[in-house]
Each structure stands twice: as C-alpha cells, then as structure tokens.
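S.K.: Shown below is the structure under consideration.
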Amino acid sequence: MIHEFSRTELLLGPEAMNRLKQARVVIFGVGGVGSHCIDALARSGIGHLTLIDSDRVSLTNINRQSVASHRTIGQYKTQVMKEQIHEICPKIQVETLERFILKEDLSDLFGNRPDYIVDAVDTVTAKLNIAECAVRLNLPLISSMGTGNKLHPELFEITDLSKTSVCPLCKVMRRELKARGITQLRVLYSKEQPVNVSGNRTGEETKEGKMVPGSISFVPPVAGLLIAGEVIRALAAGHQAVR
C-alpha cells in the first residue's frame, strides 16, 4: 500500500520504519537549524515529536527558517511547525512547549525517556543544562554548535566535542562541560573560520546581549538536515547514539 513514507520504506525497510514510527524525539529550538531538522524528522516518519521554543516568528527569521513567512510573523514557532508537520502526516503526535525551559524542568520533561534529544538552541546556559541532564539520565543527545557567520555548509561535521576546532562556541562548551565533569558530547560544528561581520547594522541583540550573527538561507538548514540524518539512522537501526 502506498503511503507518505513509501519511498523511505524502500530504502530502510518495514522494520526500521516501524522503529521510527514508535520513536519519541525532543527538539529544543525551532529556528534555522531546528525547523529544518524537525521537517526532515517528520518526513521520515518519526511518530512522536516534542517541540520546545518560546519565540515567535519575526521578520528577520524569513531568510533561513522553514516556519517563517510574512503570513506567520507573530505566531509561535512551535505552533507553525506543528501545523506544517500535520500537513505532512496528520498521524504524527506533536507536543509543544512555548516557554523557556529552566534547568529544574528538564528531569520532568525527560521523564518519559525520549529516544533522542536534539539541542538547536542559541544560548550557552540552555545548552549546558540540556547536556548535563541528558548525560545524567543516559539519554542520547546531539547538540548544534554555531551556524552563524558561515558561508560553507560543506564544512559541517558531526563528531565528539573533544575533537572540534575553530568554532568559538565549541571552545566555551568544552571548558564549561569539563568543569561539570562531562567529557563527551555529540555535536554538529563547522570547521569554517567565522566570517568577520563588520558592525551590527540591524540594531538587534541576542538573548545574551551579544551582537546578532549574520546568516544565510543555505547554511543553517544543512546543519538541521545533517542532525536529522544522524538521528534517523540511529533510530532506524535500533541503537543508541554514538557517544
């Protein structure tokens, strides 16, 4: 019988497709990386997705985020993404949380032991909290490092944090996680030296009060797709993430 995922089933087989249908994936961040990752997860037949993001769509999201258009400005990213997922496959179970998740919330959130966690958030504090909780509970996690101020998506790589170079965010994460006794973390990062952006012409600031990085349509989406591929291959094969 032909269905939404018939071509995927030809590639992976019915047993793998059933594993994907049963899988539960939690995604933090529905932005340039997260929205494209979620889209790929949904199009691969992941049966249960939890989307976590407190942000609403803004005008400057349009250049790189699948949830962003002039029609969706002002709407919660999670709600737009949920609608898109159900347009792909109405049977996918989607939960959304439209708030900033605090450290003390994570244990309860992971209480149902998701099969995989994707960190696609921007703030270092949130990344550290997610990593710390996932490691403590022995849950598979992949974390996206910086994709801003980049022009070469072919230089993305998935590896352990200890093997990264160049990326300023990786350096901070290595230092802070080491202080917490964590020496391993699966990450996507870029080997590209960041482009030197001269001046903050938009007047925007990040949540941490720093200058907003430049971005472009073809870089964060590739990062999201690479992360989705890592998750889907692991879940389809029925084994845990590489640690």
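S.K.: The conditions are (1) free of Cβ contacts under 8 Å to residues at least 40 places away in the same chain; (2) touching a Leu at 6+ places or on another chain (Cβ under 8 Å), and I27 fails exactly one of them. Which is it?
M.R.: (1)
S.K.: Please go through the stretch 121-158 and pick out each residue that is touching a strand residue (DSSP E or B) at 6+ places or on another chain (Cβ under 7 Å) and more than 20 Å from Q65 (Cβ to Cβ).
M.R.: I130, A131, A134, L139, P140, L141, L155, E157, I158 - these are the residues of the stretch 121-158 that are touching a strand residue (DSSP E or B) at 6+ places or on another chain (Cβ under 7 Å) and more than 20 Å from Q65 (Cβ to Cβ).
S.K.: Could I ask something else about it? Any residue in the stretch 54-69 that is under 20 Å from A223 (Cα atoms) sitting within a Cβ distance under 9 Å of a residue that is at pLDDT below 95 and part of a loop (DSSP other than H, G, I, E, B)? List the pairs, counting only those 6 or more apart or interchain.
M.R.: T60/T202; T60/E204; T60/V212
S.K.: I would also like to ask the following. I'd like to verify a number: residues in the stretch 1-48 that are over 18 Å from N61 (Cβ atoms), outside any helix (DSSP H, G or I), among the aliphatic types (A, V, I, L, M) and touching an Asp or Glu at 6+ places or on another chain (Cβ under 7 Å), how many?
M.R.: Residues flagged as over 18 Å from N61 (Cβ atoms), outside any helix (DSSP H, G or I), among the aliphatic types (A, V, I, L, M) and touching an Asp or Glu at 6+ places or on another chain (Cβ under 7 Å) within the stretch 1-48 amount to 2.
S.K.: Could you grab me the full set of residues in the stretch 65-81 that are among the charged types (D, E, K, R) and assigned to a helix (DSSP H, G or I)?
M.R.: Once the filter is applied, which keeps residues that are among the charged types (D, E, K, R) and assigned to a helix (DSSP H, G or I), the stretch 65-81 yields only K77.
S.K.: Can we say N196 is over 16 Å from the mean Cα position of the chain (by Cα), among the polar types (S, T, N, Q) and modelled with pLDDT under 95?
M.R.: Answer is yes for this residue.
The values are calculated or read from the model by the stated rules, or taken from the named source; none is laboratory data. The structure presented is a predicted model; accordingly, all values stated were derived computationally and were not measured. Virtual Cβ from ideal backbone geometry, glycine too; neighbours counted across all protein chains shown.
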